[in-house]
Amino acid sequence: MAGGKIDWTGLRARTAARALAVCTASFFLLRFPEPAQAGPHHPVTYELANGLRVVLAPRAEDLDAYVLVKYDAGQIHAPADYKGLPHLAEHLTYHGSRHIKPLEYVKHLDRVGAGYNGMTLMESTVYFISVPPNALKLALWLESDRMAFALDGVTEQALEAEKKTVENEWEERNSLHRMIWRRKEAALYGENGPGASDPHEVASVKAVTLSDARWYIQSTHRPDNATLVLGGNFQVDEARKLIERYFGSVANPRLPKLEASFPPPKLCGAHKLHLGHVYIDDPLVTVTWPMRPAISERDKRAQLALAFILDDYLRNLLVSAERPVATSVDTDVLLYETHGLLDVGISFHAGMPFVSVEKVVLKTIATLAENKLSEPELRRYKTRWRLQSDIAAGDGLGRVLEILDGNEPDRAKAVVNGLTSEDIQREAQKIVSVNKQLTTFAEPLDRSRVIVSEIDSEDPCR
Amino acid sequence: MPVKRHASRLRHWPAAFGLTMLALSGCSRPALPKPVEPFVATPDAKFRYEVPEAAPPIVELPVVQTTRFDNGVELWFAERPGSAYVSLSFASRGGTLKACDSAELVQLTARMMAEGGLVWTDERKIDFAELRGERVRFAANHEDVSFGITALSEDIDPGLVILSRTIQHPLLDAGSFDRMRLAELEAQRSRANRQNFMFKLAATAALGETLGGRLVPADFARIKSATVADVRRCYKELLDPEKSVVVVVGDVSFEQAKDAARKHFATWVHSKQPATVKPLSAPWREHPTVSFISMGESKQTDLMLLQPAPSLSVEEDEIAFGLLARLLAGSLAARADVRLRHQAAVTYGSSFELHRARDLGLLSVSASVERSKTGVATEELISMLAELRTTEVTPSELENAKAQALVSVSRSAASNGAYANRLRELFVEERSPDTLEKIPARIQAISPSDLRRVAQKYLRPEAVQVAATGDPTAEDKLRFVGPVENYRVQEKD
């Protein structure tokens, strides 16, 4: 085994022990200048008379044009005991409309080789289409018909068909990961919270009536509750005209919009959830912290930077170590209007006590709260972020989805460049000082069981 | 596997679900408001009845330039200005299907090269090299092993340094061997998912154990028993400069790419070991079978139907067969989705995959269906295969499939990485660099009779191999297909 120090060339020589902090300084950072800033490319935003917000974000290098419509109605807008209604509504709006017969929506798009999908999220429902540039008009026609005339396609037959499809979708996607996440959501938000649906969702979908579905779609799929984003390869002037033509005359219904707010997790301290499942191969520990909502772009970028660096630290400690104890580290950040969630998951080798892994995670974030990142670490993060951002910029649809979420890639670059070690430390301190988290332990169970079983839990709120 | 029993607070979802159903059926839910009439407030207009015209997709691809160095290594290059970064990759023909003693050993060897340490330019032994946080990625594919790294455009030279040292000077020593072996075992476990297991069973039933094992490596014992000597031997067999390519796609010039690649790859000498495995081929099983994996209570059955397909060496059939597969299960408007999702409502959707190598071609069609409809859905899928042999497809179906295929060609250049990967595939398949440019015309030239011809040549619905996963009660519903072999989920190794 070769000995040797970790030297400035950024190539990690083999050492007998690893320090807690990541301390490689990349050779290539020191020898090569920082990459040049890309030129500005800001989206244009305006609003139609009917309240529809429009964002135009052209990018000539993209192969496709992208049309996205976001309705500010998602899982949290489901009325009590109607948990499955938002998702069912999303399906129903694909079933046809006044000018588009059932199945014709997908046939029109297949004819031009388009990609398309819809997503029911916590706070919104998003429909997107990616088309060759010469099919932009087709995409706008389709989405405007959904917004204006979907109710003409919502019939008893459509309702029954889509109820079955939603149930099939739920059954097919009832993966282990999803089951564990749903149990965590119940622990975070309560059994009747927006995300903790599972059997509730399927049961509530079965009971939805035609009137219910029509009311929900009418209340939510309307221009004053929507944002239309065009991205990718298209001509701005032509797009403006098409948008006015197809969306300008879409009227709002004479009933109020659905308003809802997503309350933050109900955590009183250190909560624990102990689950078992037959499909789990390696034990898993996840730690979920609530975060305050970001009040500025800088806050948001600091939160994301914290997650990135925490992930990096944990990988170096647990996965890339001389004697690895974990097989993977997965870090997610979920940002909502009223709060955020930072979630770290570690799959590790059987034999390690759960609490030991949990301790490493908690100690690591405490370290980040107590100590500022060094300048080389901060520079390293920024350079890595820049490379990832440039790679992501090549994904046209991904870029447009970011814009839909209010993330302008070029503005983000400037903000990330301006981040300081104090910004990141402050975010870690906010989390640590609140001292609330949910730790989930998941372990393999006897193969005669195929469901997620809650083995134990600790709830300081009780 | 140890069984842990915990004290009395074990809770079960079925009980909660049952109570919920009881509650929902017994109690009245709050009524929702009524929609406002008229339902639609927007005034209609004549233009809304007009379907906007859209011409077929136009395919524009970056031009590919190539050169060959004296040692046989080729450089394939495509410039993509404005992309700010460059995708660098290396591939050598010879992958899991044929090289070394086993597919598992090929995978372990590739991992050791990429992650087990290397000898740097100053002869130091290092664990890995990192370029602005990026490390070398690797893949052991059916017909090649490949390695890649993404770099900013101005970092093309250091990127190729790292890549070349990984290929030409991997450590392959005992120091990291156990760690790499453990990592490969973990990777095997994560690949041992339902879909892969079903594919392995169906392929084994169709073509025999040897090919099934090569197609889906899952032999933990083989990895556990491997030695460093095995890996070194495999490394020698796996790589051949005469069959290797460096692919560079991004915002650099051809001259820059050529100079950097020449500096780091043109003098590479590799003492190659002759291959120990002969090319594989096997006749398709004459009668249908079902491999059923019992997973415990489940409301859905995962189905996979396996059929022969053209191999890479039969170029004249590949376009038509690809269109056939799309038409069958390539989108929400494809035949399988129309019948099983939209009309029968027994599935959320279907999909297909083409698995192709020089001597082998397979088509898998998959869907997750309601348990009670397992038999009906399977019968419907088999009858669709038969129909494709006997009846020509409609012009509109073919037009849709063509549009999707054209866009797929176009999207192969959606990013530097995607295009680099597509060029790598062309090289491994021994196609010329301008193959992609010619594909659109070949697609447009396909007629319904071409599809019927390839359906008759390859599809064997009477000898379909079915793999299914689900509730034990679904097994009986598949007996009409043929003999059923039952499997249980593998225990942890």
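Some observations on this one:
- Lone unmet requirement of (1) at pLDDT 95 or above; (2) closer than 14 Å to B:Leu61 by Cβ for B:Ala445: (2)
- Of the residues making up region A:99-117, those that are modelled with pLDDT under 95, facing chain B (nearest Cβ under 7 Å) and outside any helix (DSSP H, G or I) are A:Leu103, A:Val112, A:Gly113.
- Residue satisfying all of: in region A:384-424; in a loop (DSSP other than H, G, I, E, B) and within 14 Å of chain B (Cβ to nearest Cβ); surrounded by the fewest Cβ atoms within 10 Å (Cβ to Cβ) among these: A:Asp395
- Residue within region A:193-209 that is part of a strand (DSSP E or B) and either under 30 Å from B:Glu186 (Cβ atoms) or within 14 Å of another protein chain (Cβ to nearest Cβ) (or both) present: no
- Note on region B:148-172: residues that are facing chain A (nearest Cβ under 9 Å) and among the charged types (D, E, K, R) amount to 2.
- Criterion: under 21 Å from the mean Cα position of the chain (by Cα) and within 11 Å of chain B (Cβ to nearest Cβ) - qualifying residue of A:Glu185, A:Glu162, A:Glu169: A:Glu169
- Condition met for B:Ala334 (out of contact with any helix residue (DSSP H, G or I) (no Cβ under 8 Å at 6 or more places or on another chain), under 30 Å from B:Ala474 (Cα atoms) and surrounded by 17 or more Cβ atoms within 10 Å (Cβ to Cβ)): no
- Condition broken by B:Gly322, with the remaining ones in (1) assigned to a loop (DSSP other than H, G, I, E, B); (2) open to solvent by 10 Å² or more (accessible area, probe 1.4 Å); (3) not charged (D, E, K, R) satisfied: (1)
- Residue check for B:Arg80: surrounded by fewer than 18 Cβ atoms within 10 Å (Cβ to Cβ) and at pLDDT below 95: no
- Candidate set from region A:273-287 (those that are of a type in the set (A, V, I, L, M) and part of a loop (DSSP other than H, G, I, E, B)); member that is nearest to the other protein chains (Cβ to nearest Cβ): A:Val278
- Enumeration of residues in region B:356-393 that are closer than 18 Å to B:Gln456 by Cα, part of a strand (DSSP E or B) and in contact with a Lys or Arg (Cβ under 8 Å, 6 or more places away or on another chain): B:Leu362
- Candidate set: region B:29-56, residues that are assigned to a helix (DSSP H, G or I) and either of a type in the set (S, T, N, Q) or open to solvent by 30 Å² or more (accessible area, probe 1.4 Å) (or both); chosen: the one nearest to the other protein chains (Cβ to nearest Cβ): B:Tyr49
- Restricted to region A:291-321, and to residues there that are in contact with a helix residue (DSSP H, G or I) (Cβ under 8 Å, 6 or more places away or on another chain) and open to solvent by 40 Å² or more (accessible area, probe 1.4 Å), the residue that is farthest from A:Thr383 (Cα to Cα) is A:Arg292.
- Residue match in region A:442-457 (condition: within 14 Å of chain B (Cβ to nearest Cβ), closer than 20 Å to A:Lys184 by Cβ and open to solvent by 50 Å² or more (accessible area, probe 1.4 Å)): yes
- Of all residues in region B:414-430, those satisfying the criterion of being facing chain A (nearest Cβ under 7 Å) and either within 18 Å of B:Leu323 (Cβ to Cβ) or among the small types (Gly, Ala, Ser) (or both) are B:Ala414, B:Ser415.
- Considering residues of region A:235-247 that are in contact with a helix residue (DSSP H, G or I) (Cβ under 9 Å, 6 or more places away or on another chain) and open to solvent by 20 Å² or more (accessible area, probe 1.4 Å) only, the residue nearest to A:Ala78 (Cα to Cα): A:Arg245
- Of all residues in region B:140-171, those being open to solvent by 10 Å² or more (accessible area, probe 1.4 Å), among the acidic types (Asp, Glu) and either touching a Phe, Trp or Tyr at 6+ places or on another chain (Cβ under 8 Å) or part of a helix (DSSP H, G or I) (or both) number 2.
- Test: residue in region A:129-141 that is within 19 Å of A:Val54 (Cβ to Cβ), open to solvent by less than 10 Å² (accessible area, probe 1.4 Å) and charged (D, E, K, R): no
- Residue within region B:385-404 that is within 14 Å of chain A (Cβ to nearest Cβ), more than 19 Å from A:Val106 (Cβ to Cβ) and open to solvent by less than 10 Å² (accessible area, probe 1.4 Å) present: no
- Of the residues making up region B:123-139, those that are surrounded by fewer than 23 Cβ atoms within 10 Å (Cβ to Cβ) and more than 9 Å from chain A (Cβ to nearest Cβ) are B:Glu123, B:Arg135, B:Arg137, B:Phe138, B:Ala139.
- A single entry from A:Thr327, A:Thr331 fulfils the requirement of being polar (S, T, N, Q), in contact with a strand residue (DSSP E or B) (Cβ under 8 Å, 6 or more places away or on another chain) and more than 30 Å from A:Ala414 (Cα to Cα): A:Thr327.
- For region B:339-355, the candidate set comprises residues that are part of a strand (DSSP E or B), free of Cβ contacts under 8 Å to residues at least 60 places away in the same chain and farther than 18 Å from B:Gln300 by Cβ; within that set, the residue that is nearest to the other protein chains (Cβ to nearest Cβ) is B:Phe352.
- Every pair of residues 6+ apart whose Cβ atoms lie under 6 Å, when the first sits in region A:252-272 and is of a type in the set (D, E, K, R) and assigned to a loop (DSSP other than H, G, I, E, B) while the second is modelled with pLDDT of 90 or more and surrounded by 14 or more Cβ atoms within 10 Å (Cβ to Cβ): A:Arg254/B:Val36; A:Lys257/A:Asn225
The values are calculated or read from the model by the stated rules, or taken from the named source; none is laboratory data. Here the structure is a predicted model, which means the values were calculated and not measured. Quick reminder, even Gly has a Cβ in these numbers, built from the backbone with ideal geometry, and neighbours come from all protein chains shown. Side chains included, ligands, DNA and RNA excluded: accessible areas come from the protein's heavy atoms. Shrake-Rupley method; radii C 1.70, N 1.55, O 1.52, S 1.80 Å.
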